[in-house]
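**Student:** Let me begin by handing over the structure; questions about it come next.
The values are calculated or read from the model by the stated rules, or taken from the named source; none is laboratory data. Nothing here was measured: the structure is a model prediction, and the numbers come from that model. Every residue, glycine among them, receives a Cβ derived from its backbone with ideal geometry; neighbour counts consider all protein chains shown. Remember, those area values only see protein heavy atoms, side chains included, never the ligands or the DNA or RNA. Shrake-Rupley method; radii C 1.70, N 1.55, O 1.52, S 1.80 Å.
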Amino acid sequence: MENGSNKWAFEGNKALEIADAISIRGVLNMLNNNVNGNDNAKPAIPLGHGDPSVFPCFRTTPIAEDAIVDAVRSAQFNCYSPTVGILPARRAIAEYLSHDLPYQLSPDDVYLTVGCNNSIEVIISVLASPRSNILLPRPGYAMYESRAAFSNLEVRHFDLIPEKGWEVDLHSVEALADENTVAMVIINPGNPCGSVYSYQHLKKVAETSRKLGILVIADEVYDHLTFGSNPFVPMGIFGSIVPVLTLGSISKRWIVPGWRLGWIVTCDPNDILKKSAGIAESIKRYLNISADPPTFIQGAIPQILQKTKAEFFSKIINICSQAADICYDRLKEIPCVTCPHKPEGSMFVMVKLNLSLLEDIDDDMDFCLKLAREESVVVLPGVAVGLKNWLRVTFAIEPSTLEEGLGRIKTFYKRHMKKQ
């Protein structure tokens with residue numbers, strides 16, 4: 001290769017550009033760079049992502065921390081993990097989830113992953129056969145789109161209806177599906193909408209999926225984080241109607257997203273995923289070529305799931321409920337945004353942006369970039385979750401910090417409002 005006359009024979013994977021362009025992390029990094037690059041002395045307020053662990057009021061239970069310490073000091077978990085995860089952790093997760101189901105899960109139904117995002121990667125990769133397509137909610141969680149784009153799995157979007165508490169538009173599901181459709185994704189409690197689906201609605205989802213011959217991927221990473229009129233209902237309750245793959249983790253309910261321990265669970269009492277479709281075997285094969293969650297975190301799982309007290313969960317739910325009230329009330333004081341449905345679960349709310357009331361804002365991305373630069377407040381533009389000119393606001397932060405952040409958004413509106 002003299003004098004640089006020949007080209008090198010390698011280059012980066014172009015598919016990653018497409019996948020990253022629709023990732024929440026990519027958008028948030030860009031917005032945070034706008035905060036860090038300004039001369040504003042205000043401290044940054046993160047209303048763009050669901051990680052309240054940095055706030056003291058959201059600190060995890062000492063029982064979880066002690067479980068990690070005990071696991072490390074036992075010296076029993078310094079080894080590699082089995083492909084699907086260690087048996088005590090899988091057994092504990094099966095028992096934990098079975099409390100809410102009309103049947104008993106087995107440890108063999110449980111596959112451990114490096115957090116719920118890894119669960120998404122595994123499932124999308126398993127389903128990404130040639131010509132297949134998957135049905136995703138709009139708005140939804142962008143990791144599904146990113147992984148599907150990277151795996152060449154066609155995505156078709158069904159709408160969620162804001163006026164009906166962001167329920168699934170089941171007519172659009174039926175219209176979108178064809179003989180190559182393999183699954184639909186349900187996120188409950190909802191990210192990004194803060195919705196919590198009723199038993200009746202989830203049963204209709206199950207019946208529609210059975211009619212179409214597709215499985216349901218139930219993203220329940222925010223399980224039990226509910227504070228409205230609807231209790232959390234796991235999709236696995238309807239596993240005898242349609243096969244369900246439940247995705248979950250300890251990240252949100254225990255406020256430890258950095259511990260990276262998630263799971264995929266086959267809620268399928270008819271054993272369709274194991275016997276007929278080969279999905280369970282494909283999950284194992286994918287896990288054979290991917291990383292495992294740290295073994296000592298797995299070793300702590302039985303203690304974490306079995307010994308955490310109800311008071312801890314109640315405290316977190318009360319803080320989230322209070323924060324959701326603050327968020328909903330303060331957003332009503334900002335004329336350029338409209339909240340169609342008060343959040344009832346998870347850590348987020350979706351609001352519609354009225355650009356006609358703003359003078360020099362082009363769209364939701366422009367709004368968020370300028371807000372980050374001028375007020376050091378990071379809010380996720382709706383385009384990142386599939387709804388252009390909407391915003392996703394995170395309310396799971398210290399309540400006083402939330403008040404400050406929403407106050408800054410109101411100040412930003414007044415600075416940019418259209419003059420009469």
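**Student:** In 5 Å bins starting at zero, report the fraction of Cα pairs in the range 154-280 per bin as a rounded %.
**Tutor:** Computed distribution, short to long bins: 2, 11, 20, 23, 20, 15, 7, 2, 0.
**Student:** Additional query: Starting from the Kirkwood radius over alpha-carbon pairs of the range 87-182, derive D by Stokes-Einstein at 37 °C in a medium of 0.692 mPa s and give it in µm² s⁻¹.
**Tutor:** Taking Rh from Cα pairs, D becomes 213 µm²/s.
**Student:** Give me the one-decimal Kirkwood hydrodynamic radius in Å for the range 259-307, with the sum taken over alpha-carbon pairs.
**Tutor:** 12.8 Å
**Student:** Now for a different question. Could you work out the local net charge near TRP390, counting Lys and Arg as +1, Asp and Glu as -1, over the other residues with Cβ closer than 12 Å to its Cβ?
**Tutor:** Taking every Cβ under 12 Å from that of TRP390, the sum is +2.
**Student:** Then there is this: What value, in deg cm²/dmol to 500, does the helix sum -39500 (n - 2.57) over DSSP H runs of n ≥ 4 give at 222 nm once divided by the residues of the chain?
**Tutor:** -12000 deg cm²/dmol
**Student:** With N set to the residue count of the range 134-182, report its C-alpha Rg divided by 2.2 N^0.38 Å to two decimal places.
**Tutor:** So the range 134-182 has a normalised radius of gyration of 1.18.
**Student:** Something else about it: Sorted by average packing, counted as other Cβ atoms within 10 angstrom per residue and highest first, what order do 23-34, 120-131 take?
**Tutor:** Packing order, densest peptide first, comes out as 120-131, 23-34.
**Student:** Return the ratio Rg/(2.2 N^0.38 Å) for the chain, where Rg is computed over Cα atoms only.
**Tutor:** 1.01
**Student:** Let me ask you something else. Which values, in whole Å and largest first, are the semi-axes of the equivalent ellipsoid of the range 346-389 obtained as the square root of 5 times each eigenvalue of the Cα gyration tensor?
**Tutor:** In descending order, the three semi-axes are 17, 14, 9 Å.
**Student:** Then there is this: When every alpha-carbon pair in the range 165-210 is counted, what percent end up more than 13 Å apart?
**Tutor:** Counting pairs separated by more than 13 Å, the tail of P(r) holds 57 percent.
**Student:** Over the chain, what relative contact order in percent results from Cα pairs under 8 Å that are six or more residues apart?
**Tutor:** Numbers: 820 pairs, mean separation 99.0, N = 420.
Dividing the mean separation by the residue count of the chain yields 24 percent.
**Student:** Using Cα-Cα distances under 8 Å and only pairs 6 or more residues apart, what relative contact order does the range 220-300 have, in percent?
**Tutor:** Answer for the range 220-300 is 24 percent.
**Student:** Here's something else I'd like to know. Whole-Hz Karplus ³J(HN,Hα) for the range 403-419, in order, using 6.51 cos²θ - 1.76 cosθ + 1.60 and θ = phi - 60°, x for Gly and Pro?
**Tutor:** Residue by residue, the range 403-419 yields 4, 4, x, 5, x, 5, 5, 5, 4, 4, 4, 4, 5, 10, 5, 5, 6 Hz.
**Student:** Give the residue list of trypsin sites (Lys or Arg not before Pro) in the range 267-327 that are DSSP loop and have at most 12 other beta-carbon atoms within 10 angstrom.
**Tutor:** Answer in residue order: LYS309.
**Student:** While we're on this one: Which one of ILE334, ILE264, ILE304 has the biggest mean-square fluctuation once the chain is modelled by GNM with Cα springs under 10 Å?
**Tutor:** ILE334
**Student:** What is the sum of charges, Lys and Arg at +1 and Asp and Glu at -1, for the other residues whose Cβ falls under 13 Å from the Cβ of LYS274?
**Tutor:** So the surrounding residues net to -3.
**Student:** What angle do you read, to the nearest 10 degrees and between 0 and 90, between the alpha-carbon axis of helix 279-288 and the longest principal axis of the chain?
**Tutor:** With rounding to tens, the tilt is 80 degrees.
**Student:** Averaged per residue, what accessible area in Å² does the range 56-155 show with a 1.4 Å probe, protein chains only? Don't skip to the end; give the middle numbers.
**Tutor:** Details: 4370 Å² over 100 residues.
Per residue, the range 56-155 has 44 Å² of solvent-accessible surface.
**Student:** Using amide H atoms built 1.01 Å from N in the peptide plane, name the residues 5+ places from GLU167, or on other chains, whose amide H lies under 5 Å from its own.
**Tutor:** Under 5 Å from the amide H of GLU167: ILE161.
**Student:** According to a simple spin-label model (label point 7 Å from Cα along Cα-to-Cβ), what is the distance in nm between ASN6 and TYR199?
**Tutor:** Placing both labels 7 Å along Cα→Cβ, they lie 7.1 nm apart.
**Student:** Where does the range 88-127 land on Rg/Rh, using Cα atoms and the Kirkwood Rh?
**Tutor:** Details: Rg = 11.5 Å, Rh = 11.1 Å.
On the Cα set of the range 88-127, Rg over Rh gives 1.04.
**Student:** Of THR394, PHE55, LEU212, whose Cα points farthest to the positive end of the dipole of the chain (charges on the beta-carbon: +1 Lys, Arg; -1 Asp, Glu; origin at the Cα centre)?
**Tutor:** PHE55
**Student:** For LEU358, what residues show an amide H to amide H distance below 5 Å, using hydrogens built from the backbone and excluding near sequence neighbours?
**Tutor:** LYS418
**Student:** Next question. According to the Kirkwood expression over distinct Cα-Cα pairs, how big is the hydrodynamic radius of the range 331-404, in Å?
**Tutor:** After inverting the mean inverse Cα-Cα distance, the result is 12.8 Å.
**Student:** Right, next: Amide H to amide H, which residues 5 or more places from ILE397 or on other chains are under 5 Å from it, using H placed in the peptide plane?
**Tutor:** none
**Student:** With N residues in the range 186-229, what two-decimal value do you get for its Cα radius of gyration over 2.2 N^0.38 Å?
**Tutor:** 1.21
**Student:** Roll a 1.4 angstrom probe over the protein heavy atoms and tell me the percent of accessible area of the chain that is carbon or sulfur.
**Tutor:** 50 percent
**Student:** What is the mean projected area of the alpha carbon convex hull for the range 1-114, to one decimal in square nanometres? Show your work: numbers first, answer last.
**Tutor:** Working: hull surface 63.1 nm².
The directionally averaged projection comes out at 15.8 nm².
**Student:** Over the range 78-188, what is the relative contact order in percent, taking alpha-carbon pairs closer than 8 angstrom and at least six residues apart? Numbers along the way, then the final one.
**Tutor:** Numbers: 131 pairs, mean separation 24.4, N = 111.
Computed value for the range 78-188: 22 percent relative contact order.
**Student:** In degrees, nearest 10, range 0 to 90: what is the angle between the Cα axis of helix 199-212 and the longest Cα principal axis of the chain?
**Tutor:** Between helix and principal axis, roughly 70 degrees.
**Student:** Using only the alpha-carbon atoms, what does the range 279-420 span along each of its principal axes? Please give whole angstrom values in decreasing order.
**Tutor:** Sorted largest first, the three principal extents are 62, 38, 26 Å.
**Student:** To continue, here is another question. Of LYS164/LYS204; LYS332/LYS418; LYS203/LYS388, which sit over 21 Å apart, Cα to Cα?
**Tutor:** Over 21 Å Cα-Cα: LYS203/LYS388.
**Student:** Another one. Per residue Cα convex hull volume for the range 229-351, in cubic angstrom?
**Tutor:** So the per-residue hull volume is 171 Å³.
**Student:** May I ask you to derive the FRET efficiency for ARG373 and ASP271 from their Cβ-Cβ distance with R0 = 51 Å, giving the value to the nearest 0.05?
**Tutor:** Efficiency at R0 = 51 Å is approximately 0.40.
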